[in-house]
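So the structure is just underneath, and the comments pick up after that.
The values are calculated or read from the model by the stated rules, or taken from the named source; none is laboratory data. Quick caveat, the model's predicted, so the values are computed rather than measured. All Cβ positions, glycine included, derive from the backbone under ideal geometry; neighbour counts span all protein chains shown. To get the accessible areas, we keep the full protein, side chains included, count just its heavy atoms, and leave off ligands, DNA and RNA. Shrake-Rupley method; radii C 1.70, N 1.55, O 1.52, S 1.80 Å.
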Amino acid sequence: MTFDHKSLELLGEALRTMDQGFRHLPESAPDPDLGPLRAALKEAAERMRENYPYQHPLYIGQMLKPPHSLARLAYALAMFVNPNNHALDGGRASSAMEKEAVAQIARMFGWETHLGHLCGGGTIANFEALWVGRELRPGKAVVASAQAHYTHSRLSAVLNIPFETIAVDRRGRMDVGSLEQALATGKVGTVVVTLGATAAGSVDPLPAVLALRERYDFRVHVDSAYGGYFTLARNLEPETKAAYDRIGEADSIVIDPHKHGLQPYGCGCVLFRDPGVGRFYQHASPYTYFSSDELHLGEISLECSRPGASAVALWTTMRLLPLDPGGTFATSLESCRAAALTLHRALEQDARLAPLFPPELDINVWAVRAESARESSAQARRVFAAAAERDLHLALSSFPRVMLEAANPVLRWDAEEIVCLRACAMKPEHQDWMPEILSRLQASLAEISITDLSKR
């Protein structure tokens, strides 16, 4: 079996415990006819077989990390009430749990005071951060590195904010010299610093950006949707650690618990260092916020209806796995990075492959050595398909020449980008499964007869 069945027994226990809180109410639970339900659910289960095996360690492609079994159970438990964390009438207990969970994330970054909430994911979280930046720096541009998530340019267009891309160095990190040139124009209001770029896991030089903030007037927004939890990891390279050590000096931070936080989709989080930015969210409602003088989450978020089940799942998971350096959760992140380093060392030893650079977090990227850039891209696609036939699921991603040249993957550049293979070692089990992963990768390379150019 590839799924956890045993823990489902706990859901019945938890439901009975929750039911005791409502035992004073008249009986109202329906008596369902299980036959039609069973047929429909079985059909859904059969359709779901068509997915890639995201939950299995042999899936190492995209940023897809299965939620913790406790998160699944807590989410399912909450769905029997189906709370709405927009107003306290819709989610009194789950709203309190959301505030507590978000406060724990803020403390992980060193913030004892903050304004923040959960949302659907990194896109909405970044949208809110850029929107607040627009209100505080009207008419000013947003800048982000060429390896930052595409959502920043798209959201800037939605917000009608000028957007500019900053060049990257060979490791895919924001080039500080190019950033200063943009800042010198006086037109920049927000600098997006990516701690864990989606494609290659690159970590922008936050300390250098903060140094520039001493000379120029701009906000620093850290997009750590993927990489934020690595602030707990103790096995980062010194330069990477230096960036995470300064994350608390940002003006706003985005992190996605549905990535490394072991949560079901969608669970993003946006945090602001200054709680005063809540004034931009203020709005009136003739019916929503009168049940309590306490702050309703709908008053500090752009979304209205939001699933309280996400908050319950996150809160419950952090009861089991606190965000403590050296704790079980933190060491699981360190295991992911260790797996990525193991993979990188193996890739370095294979003359047919050209890893772009050592992973900063837990993402590996490598090109297939070939005569030309176009041929390299074609070979990567063949390896990808051959590996999938062996149930080893990788990913593909294009990278610019500036990030490839140091690895020297081709003899002739007939294209300015190369499609590379990519692996996200996001599961703690990946370290133990690395020998099997490498065995299947080697078999895939052998099948399509990748040439060792060093023997020519």
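Return the residues of segment 196-212 that are touching a residue at least 12 places away in the same chain (Cβ under 8 Å) and either part of a helix (DSSP H, G or I) or at positive phi (or both); say none if nothing qualifies.
Across segment 196-212, the qualifying residues are 196, 201, 206, 207, 208, 209, 210, 212.
May I ask you to say which residue of 99, 6, 65 is at pLDDT below 90 and either crowded, with 16+ Cβ neighbours inside 10 Å or within 22 Å of residue 332 (Cβ to Cβ) (or both)?
Every option except 6 fails the conditions.
Has segment 326-340 got at least one residue that is touching a helix residue (DSSP H, G or I) at 6+ places or on another chain (Cβ under 9 Å) and not in a helix (DSSP H, G or I)?
Yes, there is a match, as at least one residue in segment 326-340 is touching a helix residue (DSSP H, G or I) at 6+ places or on another chain (Cβ under 9 Å) and not in a helix (DSSP H, G or I).
Criterion first (touching a strand residue (DSSP E or B) at 6+ places or on another chain (Cβ under 8 Å), open to solvent by 10 Å² or more (accessible area, probe 1.4 Å) and in contact (Cβ under 8 Å) with a residue 24 or more places away in the chain) does residue 219 satisfy it?
Here the answer is yes, as residue 219 does meet what is asked.
Given the structure, is residue 117 in contact with an Asp or Glu (Cβ under 8 Å, 6 or more places away or on another chain), modelled with pLDDT of 95 or more and open to solvent by 50 Å² or more (accessible area, probe 1.4 Å)?
Taking the combined requirement at face value, the residue does not satisfy it.
Limited to segment 80-106, what total is found for residues that are of a type in the set (S, T, N, Q) and either over 19 Å from residue 272 (Cβ atoms) or free of Cβ contacts under 8 Å to residues at least 60 places away in the same chain (or both)?
Looking only at that region, the number is 3.
Any idea which of (1) under 30 Å from residue 243 (Cβ atoms); (2) open to solvent by 20 Å² or more (accessible area, probe 1.4 Å); (3) not in a helix (DSSP H, G or I) is the one residue 415 doesn't satisfy?
(1)
What are the pairs with Cβ atoms under 7 angstrom where one residue, in segment 12-30, is under 13 Å from residue 77 (Cβ atoms) and the other, located anywhere, is at pLDDT 95 or above and not aromatic (Phe, Trp, Tyr)? Sequence gap at least six, or different chains.
14/73; 14/77; 15/77; 18/77
For segment 430-448, check the following and say yes or no: at least one residue is part of a loop (DSSP other than H, G, I, E, B) and modelled with pLDDT under 95.
The answer is yes, given that some residue of segment 430-448 is part of a loop (DSSP other than H, G, I, E, B) and modelled with pLDDT under 95.
Run down 106, 76, 71 and say which single residue is open to solvent by 20 Å² or more (accessible area, probe 1.4 Å) and of a type outside the set (Val, Ile, Thr).
Going through 106, 76, 71 in turn, just one is open to solvent by 20 Å² or more (accessible area, probe 1.4 Å) and of a type outside the set (Val, Ile, Thr): 76.
So, of the residues in segment 33-53 that are farther than 30 Å from residue 393 by Cβ and open to solvent by less than 70 Å² (accessible area, probe 1.4 Å), which turns out to be farthest from the chain's Cα centre (by Cα)?
By that ranking, first place goes to 35.
Could you identify the single residue in 65, 6 that is under 30 Å from residue 434 (Cα atoms), under 23 Å from the mean Cα position of the chain (by Cα) and assigned to a loop (DSSP other than H, G, I, E, B)?
65
Among (1) surrounded by fewer than 16 Cβ atoms within 10 Å (Cβ to Cβ); (2) touching a Phe, Trp or Tyr at 6+ places or on another chain (Cβ under 9 Å), there is one condition residue 403 misses while meeting the rest; what is its number?
Unmet for residue 403, out of (1) surrounded by fewer than 16 Cβ atoms within 10 Å (Cβ to Cβ); (2) touching a Phe, Trp or Tyr at 6+ places or on another chain (Cβ under 9 Å): (1).
For segment 172-188, which residues satisfy the criterion of being over 23 Å from residue 407 (Cα atoms) and crowded, with 22+ Cβ neighbours inside 10 Å?
179, 188
Can you name the residue in segment 191-211 that is open to solvent by 10 Å² or more (accessible area, probe 1.4 Å) and not polar (S, T, N, Q) and, of all such residues, is nearest to residue 420 (Cα to Cα)?
Only one residue tops the list, namely 199.
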